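Visitor: Below is the structure I would like to discuss, written out as structure tokens.
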Amino acid sequence: VLSHNLCTVLNVPHDPVALEEHFRDDDEGPVSNQGYMPYLNKFILEKVQGNFDKVEFNRMCWTLCAKKNLSKSPLLISDEDAFKVWVIFNFLSEDKYPLIIVPEEIEYLLKKITEAMGAGWQQEQFDHYKIALNTSREGLSAWELIDLIGSGQFSKGMDRQTVSMAINEVFNELILDVLKQGYMLKKGHKRKNWMERWFVLKPNIISYYVSEDLKDKKGDIILDGNCCVEALPDKDGKKCLFLIKCLDKTFEISASDKKKKQEWIQAIQSTVNLLRAGSPPPHKEARQKRKELRQKLLAEQEELERQMKELQAANENKQKELETVRKQLEAAAARAAEEEKKRLQTQVELQDRFSLELEREKMVRQKMEEQVAQKSSELEQYLQRVRELEEMYKQLQEALEDEKQARQDEETVRKLQARLLEEETAKRAELEKWHLQQQQTIQMTEAEKQELENQRMMKEQALQEAMQQLKQLELERKEALEQYEEVKKKLETAANNTKSWKDKVAHHEGLIRLIEPGSKNPHLITNWGPAAFTEAELEERQRSWKGKKATSE
């Protein structure tokens with residue numbers, strides 16, 4: 001039944017044999033949408049020629065889907081108006097499945113309906129609705145659009161009949177391509193009488209009916225690029241006349257007033273111009289432009305998002321690089337601090353070691369001094385004993401061997417003392433060397449610190465000099481601006497004085513004559529001497545006086 005009805009509405013011959021053959025293996029259960037689509041495309045849609053009633057086709061599709069999807073809640077519009085909104089949705093929706101109508105097209109449709117109702121458009125109210133809509137989805141389905149219009153949210157204060165008439169007007173314009181319609185008088189071709197007819201202007205034809213219910217059609221005016229429309233003067237008691245010229249016929253029509261006449265002439269001429277240019281109807285062209293604009297904005301938005309992502313990625317890479325450099329700097333600073341710490345620790349250790357060695361050497365030297373003092377004391381005692389022995393030499397001959405042995409011991413002690421003195425000298429030299437190395441290390445550190453301090457002072461001094469130069473340049477710039485303003489004021493004063501002087505000279509042209517270089521032409525001679533002007537200038541002045549006199553007369 002569905003296939004037969006589709007073929008009937010689309011003016012396609014129905015082939016029951018092909019239908020049975022196509023669904024021969026599907027007798028076990030119902031056919032799904034996916035199962036029916038191949039048959040629909042191959043045996044029905046591919047045979048469509050375009051010579052079918054689109055409204056009847058839409059009405060059949062509406063019959064199939066309305067009962068299942070239309071809201072059960074009461075609406076402020078009738079089922080017929082809901083059908084027309086559904087058809088308008090199919091015209092304005094995006095070319096992708098599932099079909100939705102985007103907020104821009106919703107605004108366009110609601111504006112058209114509001115204008116048809118004669119009400120004012122509430123842009124702020126729609127902006128709030130658009131914001132709430134964009135946060136949840138990209139657009140509305142057909143049934144949501146019907147609920148929106150049927151809820152009366154954007155038609156408050158309007159009755160059902162006004163809303164229905166507005167929907168019908170928008171339906172006629174967008175779906176039926178009705179560019180203009182209304183009652184006018186038409187002059188007959190045979191009887192030459194004037195009859196009131198309901199005219200409907202479409203992109204390539206003007207149809208006229210007995211009344212606006214469109215039931216009794218009286219004729220058509222076929223429009224093409226060769227047609228023209230022109231205004232006629234009032235005649236035979238008829239006013240607001242205009243003429244439509246076609247190749248085979250000419251139609252005289254009388255509008256109700258001058259405004260209607262001008263509107264109809266402009267609408268018909270615009271239609272003829274579109275036929276000559278091969279352009280689609282205005283609303284279809286406007287829809288295509290809106291679609292192209294949305295696609296362009298979408299492409300620009302995608303390009304902008306892509307650039308933002310690239311910039312974000314580049315920024316992230318830069319951040320990573322900066323983080324890496326920062327970490328490297330921190331690591332370098334940490335290494336430098338660690339090296340400085342190790343150097344200071346090494347210096348402290350060396351100082352401690354040198355201090356310990358010095359203390360140790362002091363203790364050794366003190367011990368050696370004590371030993372030397374002890375040895376000196378022993379030596380004094382020995383010498384005293386030697387003196388005693390020398391005194392006793394003569395008395396005690398037998399003590400000679402003991403004296404020799406004492407002298408040998410004395411020599412041994414002296415050698416030991418010399419060796420200890422040499423070791424003390426070597427240790428002292430080594431300590432002096434270590435002390436010099438320590439002083440050189442300290443001096444190198446102090447020199448590096450002093451060099452860094454000098455560089456910092458030089459940079460601060462250069463910065464101060466640059467700031468002073470900048471301040472000096474700023475002062476010079478202000479002085480130059482002040483001088484420029486003074487010169488500008490002097491020039492303006494001089495120009496005003498010159499202009500005032502020229503105006504005065506032009507005003508008193510007959511009384512005052514500017515001193516100019518003398519002419520080479522011979523001057524006139526008067527009773528008082530040479531004249532102040534030449535003969536040619538006198539003739540020019542006479543002609544000017546005569547012209548002024550003739551003008552005043």
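The values are calculated or read from the model by the stated rules, or taken from the named source; none is laboratory data. None of these values were measured; they are calculated from a predicted model. With ideal geometry, Cβ positions are generated from the backbone for all residues, glycine too; neighbour counts draw on all protein chains shown. Heads up: the accessible areas ignore ligands, DNA and RNA and are worked out on the full protein's heavy atoms, side chains in. Shrake-Rupley method; radii C 1.70, N 1.55, O 1.52, S 1.80 Å.
Visitor: Sort the following peptides by mean Cβ neighbour count (other Cβ atoms within 10 Å, averaged over residues), highest first: 331-341, 96-106, 213-223. Don't jump to the answer; show the numbers that get you there.
Guide: Values: 331-341: 10.3, 96-106: 16.4, 213-223: 12.5.
Put in order of decreasing packing, that is 96-106, 213-223, 331-341.
Visitor: Apply the Karplus parameterisation 6.51 cos²θ - 1.76 cosθ + 1.60, with θ equal to phi minus 60°, to every residue of the range 207-213 and state each ³J(HN,Hα) to the nearest whole Hz, in sequence, with x for glycine and proline.
Guide: Using θ = phi - 60°, the values come out as 9, 10, 10, 5, 9, 7, 6 Hz.
Visitor: OK, next. With unit charges on the beta carbons (Lys and Arg positive, Asp and Glu negative) and the dipole taken about the Cα centre of the chain, which residue among 242, 188, 275 sits farthest to the positive side?
Guide: With unit charges placed on the Cβ atoms, the residue in question is 188.
Visitor: Which option, [x] 115, 63, 20; [y] 31, 28, 27; [z] 62, 28, 18, is the value of semi-axes √(5λ) of the Cα gyration tensor in Å that was calculated from these coordinates?
Guide: Derived directly from the coordinates: [x].
Visitor: Then there is this: Per-residue accessible area for residue 128 at 1.4 Å probe radius, Å² rounded to 10?
Guide: 120 Å²
Visitor: Can I ask one more? For the chain, with the dipole built from +1 on Lys and Arg beta-carbon atoms and -1 on Asp and Glu ones, taken about the Cα centre, which of 4, 143, 37 lies farthest toward the positive end?
Guide: Final value for the positive-end residue is 4.
Visitor: Continuing with this model, one more query. Please name which of 65, 172, 157 has its Cα lying farthest along the dipole of the range 53-176 towards the positive end, using unit charges on Cβ (Lys, Arg +1; Asp, Glu -1) and the Cα centre as origin.
Guide: After comparing all options, I get 65.
Visitor: Work out the FRET efficiency for residue 442 and residue 409 from their Cβ-Cβ distance, taking R0 = 35 Å, and round it to the nearest 0.05.
Guide: 0.10
Visitor: Also, quick follow-up: Using only Cα atoms, tell me the angle between helix 160-174 and the longest principal axis of the chain; keep it within 0 to 90° and round to the nearest 10.
Guide: Tilt of helix 160-174: around 80 degrees.
Visitor: Skipping prolines and chain starts, which residues have an amide H placed within reach, meaning under 5 Å, of the one on residue 202, given they are 5 or more residues away or on another chain?
Guide: Amide H neighbours of residue 202: 179, 207.
Visitor: Counting pairs of alpha carbon atoms under 8 Å apart in space and at least six apart in sequence, what relative contact order in percent does the range 180-280 give? Provide the component values of the computation, followed by the final result.
Guide: Numbers: 181 pairs, mean separation 23.2, N = 101.
Relative contact order of the range 180-280: 23 percent.
Visitor: Just to confirm the number: angle between the C-alpha axis of helix 33-43 and the first principal axis of the chain, 0 to 90 degrees, nearest 10?
Guide: Rounded to the nearest ten degrees, it is 50.
Visitor: Among all the aspartates and glutamates, which ones have a C-alpha under 17 Å from residue 309's C-alpha, if same-chain residues fewer than 8 places away are not counted?
Guide: Qualifying aspartates and glutamates at Cα under 17 Å: 300.
Visitor: Explain nothing, just the number: dipole magnitude of the range 179-252 about its Cα centre with +1 on each Lys and Arg Cβ and -1 on each Asp and Glu Cβ, in debye rounded to the nearest 20. If you can, show how the numbers build up before the last one.
Guide: Values: 16 positive and 11 negative charges, 49 e Å.
So the magnitude is around 240 debye.
Visitor: State, as an integer percentage, the relative contact order of the chain based on alpha-carbon contacts under 8 Å between residues 6 or more apart.
Guide: On the way: 364 pairs, mean separation 32.8, N = 553.
The normalised contact order for the chain reaches 6 percent.
Visitor: On a 22 Å Cα-Cα criterion, which of the cross-link pairs 215/258; 54/186; 54/84; 186/260; 112/284 come out too long? Don't skip to the end; give the middle numbers.
Guide: Working: 215/258 29 Å; 54/186 30 Å; 54/84 12 Å; 186/260 14 Å; 112/284 14 Å.
Correct reply: 215/258; 54/186.
Visitor: Take the alpha-carbon centre of the range 251-330, take the same for the range 143-171, and report the distance between them in whole Å.
Guide: 28 Å
Visitor: Where nothing but the Cβ of Lys and Arg (+1) and of Asp and Glu (-1) is charged, how large is the charge dipole of the range 291-364 around its Cα centre, in debye to the nearest 20? Walk me through the numbers on the way to the answer.
Guide: Working: 16 positive and 18 negative charges, 26 e Å.
Using Cβ point charges on Lys, Arg, Asp and Glu, the range 291-364 gives about 120 debye.
Visitor: Roll a 1.4 angstrom probe over the protein heavy atoms and tell me the percent of accessible area of the range 180-280 that is carbon or sulfur. Before the final figure, lay out the partial values.
Guide: Values: 2790 of 5940 Å².
Using a 1.4 Å probe with all protein chains present, the range 180-280 comes out at 47 percent carbon and sulfur.
Visitor: Here's another thing I want to ask about it. Using only the alpha-carbon atoms, how far is helix 535-552 inclined from the longest principal axis of the chain? Give it as 0 to 90 degrees, nearest 10.
Guide: Here the helix axis deviates by roughly 50 degrees.
Visitor: Take each of the peptides 188-194, 275-281, 146-152, average the number of other beta-carbon atoms within 10 Å over its residues, and list them starting from the highest.
Guide: Numbers: 188-194: 9.9, 275-281: 12.6, 146-152: 19.6.
The most tightly packed comes first, giving 146-152, 275-281, 188-194.
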